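Here is the structure we will look at.
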Amino acid sequence: MQSAKAKNPDDKEIKSIVDLGAGSGAISIAIATEAALKDIAVNVVAVEKSAEAAQWLNKNISKYELTTRVVIEDVSIALQGVKADVVAANPPYIPNHEKLPHEVIGFEPEMALRGGAVDGMDVPKQFIAAAARILKSGGYFIMEHHEQQSELVKNVMVDNFTNIQSISDLTGRDRFTSGIRI
């Protein structure tokens, strides 16, 4: 939410945030909790394709007594007709051929990790298209991705977004890309 506010050139009030690929809800919960602590009225919608992950998502949201709406649907068809101020996305992005450490495979389902193809961009492209459809003009988009996908992500975003920037994680690797919806 801080990142979205910092990139909000007109200081518009953020009223709606969509979390694509919500998984167990860490991002949705963090956003909704921060908004509640700061007494900010914001609608948070968590979109998750996996029914199993959505069970954890609902359970985790109820723990914090949040009003986050959960939509169990593929991002490519979710939220038709909805327009949001901010979209955060954490798609599966690891290339299918990349070997994963045992500690990752043991705790995450393949569906939540693998982005397809040689470059892992099949699923991230779907998330970028969904964000472009869902965002209002001037809305903020941020997506996590593989450290080697930064330029690929920017190239996909260029038709629908401006102010496209790579953002480094705490280890200095470009793991996020953001942009403003045209």
What number of residues within the range 99-140 satisfy the criterion of being hydroxyl-bearing (Ser, Thr, Tyr) and touching a Ser or Thr at 6+ places or on another chain (Cβ under 9 Å)? 1
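Does Leu57 count as under 24 Å from Ala36 (Cα atoms), modelled with pLDDT under 95, in contact with a helix residue (DSSP H, G or I) (Cβ under 9 Å, 6 or more places away or on another chain) and buried (at least 19 other Cβ atoms within 10 Å of the Cβ)? Before you say what the answer is, go through the steps one by one.
On the way: under 24 Å from Ala36 (Cα atoms): yes; modelled with pLDDT under 95: no; in contact with a helix residue (DSSP H, G or I) (Cβ under 9 Å, 6 or more places away or on another chain): yes; buried (at least 19 other Cβ atoms within 10 Å of the Cβ): yes.
It is false that Leu57 is under 24 Å from Ala36 (Cα atoms), modelled with pLDDT under 95, in contact with a helix residue (DSSP H, G or I) (Cβ under 9 Å, 6 or more places away or on another chain) and buried (at least 19 other Cβ atoms within 10 Å of the Cβ).
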Subset of the range 135-182 (residues that are among the hydroxyl-bearing types (Ser, Thr, Tyr), surrounded by fewer than 14 Cβ atoms within 10 Å (Cβ to Cβ) and under 26 Å from Leu113 (Cβ atoms)): Ser168, Thr171
Condition (residue is part of a helix (DSSP H, G or I), within 26 Å of Ala32 (Cα to Cα) and not polar (S, T, N, Q)) applied to the range 94-106: is it met by at least one residue? no
Within the range 78-103, which residues are exposed (fewer than 12 other Cβ atoms within 10 Å of the Cβ) and either within 21 Å of Ala22 (Cβ to Cβ) or under 14 Å from the mean Cα position of the chain (by Cα) (or both)? Gln80, Gly81
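Surrounded by 13 or more Cβ atoms within 10 Å (Cβ to Cβ), small (Gly, Ala, Ser) and modelled with pLDDT of 95 or more: is that true of Ala112 in this structure? Explain how you work it out, then say what you get.
Working: surrounded by 13 or more Cβ atoms within 10 Å (Cβ to Cβ): yes; small (Gly, Ala, Ser): yes; modelled with pLDDT of 95 or more: no.
Answer is no for this residue.
I need the full set of residues from the range 141-182 which are assigned to a helix (DSSP H, G or I) and either in contact with a helix residue (DSSP H, G or I) (Cβ under 6 Å, 6 or more places away or on another chain) or in contact (Cβ under 8 Å) with a residue 12 or more places away in the chain (or both), in order please.
Taking the range 141-182 as the starting set, the residues that turn out to be assigned to a helix (DSSP H, G or I) are 150-157.
Listed by number, the residues that qualify are Ser150, Leu152, Val153, Lys154, Val156, Met157.
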Give me the residue from the range 37-57 that is hydrophobic (A, V, I, L, M, F, W, C) and assigned to a loop (DSSP other than H, G, I, E, B) and, out of that set, nearest to Val75 (Cα to Cα). Val42
Could you list, in sequence order, all residues of the range 1-35 that are aliphatic (A, V, I, L, M), modelled with pLDDT of 95 or more and in a loop (DSSP other than H, G, I, E, B)? Ala22
For the range 120-162, what are the residues that are in contact with a Pro (Cβ under 6 Å, 6 or more places away or on another chain) and either of a type in the set (Asp, Glu) or more than 28 Å from Ser16 (Cβ to Cβ) (or both)? Gly120
Would you pick out the residues in the range 12-39 that are surrounded by fewer than 13 Cβ atoms within 10 Å (Cβ to Cβ) and either touching an Asp or Glu at 6+ places or on another chain (Cβ under 9 Å) or touching a residue at least 60 places away in the same chain (Cβ under 8 Å) (or both)? Glu13
Thr68 passes all but one of (1) buried (at least 20 other Cβ atoms within 10 Å of the Cβ); (2) touching a Leu at 6+ places or on another chain (Cβ under 6 Å); which number fails? (2)
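State whether one or more residues within the range 95-114 are closer than 28 Å to Lys15 by Cβ and not charged (D, E, K, R). Before you say what the answer is, go through the steps one by one.
Taking the range 95-114 first, the residues closer than 28 Å to Lys15 by Cβ are none.
No, the conditions are met nowhere in the range 95-114.
Rundown of residues vs (1) on the phi > 0 side of the Ramachandran plot; (2) touching a Lys or Arg at 6+ places or on another chain (Cβ under 7 Å); (3) not in a helix (DSSP H, G or I), yes/no style:
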residue	(1), (2), (3)
Ser62	no, no, no
Val71	no, no, yes
Leu79	yes, no, yes
Asp119	no, no, yes
Val123	no, no, no
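The values are calculated or read from the model by the stated rules, or taken from the named source; none is laboratory data. Computed from a predicted model, the values in this text were never measured in an experiment. So basically every Cβ, Gly included, is an ideal-geometry build from the backbone, and we count neighbours across all protein chains shown.
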